[in-house]
1. Please list, in order along segment 198-210, the HN-Hα scalar couplings obtained from phi with the Karplus expression 6.51 cos²θ - 1.76 cosθ + 1.60 (θ = phi - 60°), rounded to whole Hz, x for Gly and Pro.
2. For the chain, build the convex hull from the C-alpha positions and give me its volume per residue in Å³.
3. With both partners inside segment 43-136, how many of the DSSP beta bridges are antiparallel, as a percent to the nearest 5?
4. Amide H to amide H under 5 Å from residue 93: which residues, 5+ apart in sequence or cross-chain, H placed 1.01 Å off N in plane?
5. Stretched out fully, how many nm does the piece from residue 289 to residue 46 gain, at 0.36 nm a residue minus the Cα gap?
6. Calculate what fraction, in whole %, of the accessible area of the chain sits on carbon and sulfur atoms when a 1.4 Å probe is rolled over the protein chains.
7. Given Cα pairs under 8 Å that are at least 6 residues apart, what percent is the relative contact order of the chain?
8. Who wins for biggest fluctuation among 171, 51, 116 in a Gaussian network model of the chain, springs between alpha carbons below 10 Å?
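The values are calculated or read from the model by the stated rules, or taken from the named source; none is laboratory data. Quick caveat, the model's predicted, so the values are computed rather than measured. Glycine also receives a Cβ, built like all others from the backbone with ideal geometry; neighbour counts cover every protein chain displayed. For accessibility, only protein heavy atoms count, side chains too; no ligands or nucleic acids. Shrake-Rupley method; radii C 1.70, N 1.55, O 1.52, S 1.80 Å.
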Amino acid sequence: MNQDRAREALLAVRAQVGQAVVGQESVVTSLIIALLAKGHVLLEGVPGVAKTLLVRSLAAAIDLDTKRVQFTPDLMPGDITGSLVFDAGRSQFDFRPGPVFTNLLLADEINRTPPKTQSALLEAMEERQVTVDGEPHPLPEPFLVCATQNPVEYEGTYPLPEAQLDRFLMKVVVDLPPRDQEVTVLMRHAEGFDPRDLSAIQPVATAEDLAAGSAAVRTVHVAPEIAAYIVDIARATRTSPSLSLGVSPRGATALLLTSRCWAWLQGRDFVTPDDVKTMSYSTLTHRLSLRPESELEGVGVSAILASAINSVAVPR
């Protein structure tokens, strides 16, 4: 498939999603990058900013299957991955697939469920398969987990440890809309918009477009100077006095991958330092851990990352 056609199709997805979700183009672009990179996304935002609608609209615009799981304290691993069910007629156990067998899985409030259930989902994310009673069951292709967490209400939650956060390709913040966009949202509802009815969204891209895009991304050239620039940014976070945990080599590899995806979406076959800077915040901030004294001083992770990036010489 022609990669230019695949790029045009994937960029057209943003306009289709815009028929249901006002604004949030950057969030949609981040989700497309995650699909191209075959990574997973942690969506963070207060309740009511259309995170579920975003994922459902994206799936409709790319003609992908989607499911949603509301994570609760009593959710068991088998509720996500699936389990063996006894068939009395044939006197044998059959595997009944769980909601993880989909293309786009919205894991709502992942930090509300115990670590054992979180781990079951993260294993499926990493291995792209589910093993039940010693039998592997491969997940569909493509497969993307959009896990959400509420940034303001931590009572009764089980925060993801740093090692698990590092498994997410990106963390994307879904902000509250500006005033004019919020007025547009209300006017749409006043005119009869139903968020459960996505019939207006037409599929403008396919899984084949994603596969062609993923193959094209692997051909995007990365100069040695750009690779060194990414490594120097990662190393600068490790020596920051405000951080107890900097960017790991996995994080540096993730930044390389997302920068390639961004460059390809911009129509280029090479990565620039600006591509790296553009993707660094969504790819790296969730991998950083503040020292307690920095938290008390009210220092933000984004500001520390910006300082680390500014301390590194930009390749010419």
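1. For segment 198-210, the Karplus curve yields 10, 5, 6, 7, 9, x, 10, 9, 9, 4, 5, 5, 4 Hz.
2. 166
3. Given both bridge residues lie in segment 43-136, the antiparallel proportion sits at roughly 60 percent.
4. Those qualifying (amide H under 5 Å, at least 5 residues apart or on another chain) are 87.
5. Here the segment from residue 289 to residue 46 would lengthen by 85.3 nm.
6. 52
7. For the chain, the relative contact order is 23 percent.
8. So, out of 171, 51, 116, the one fluctuating most is 116.
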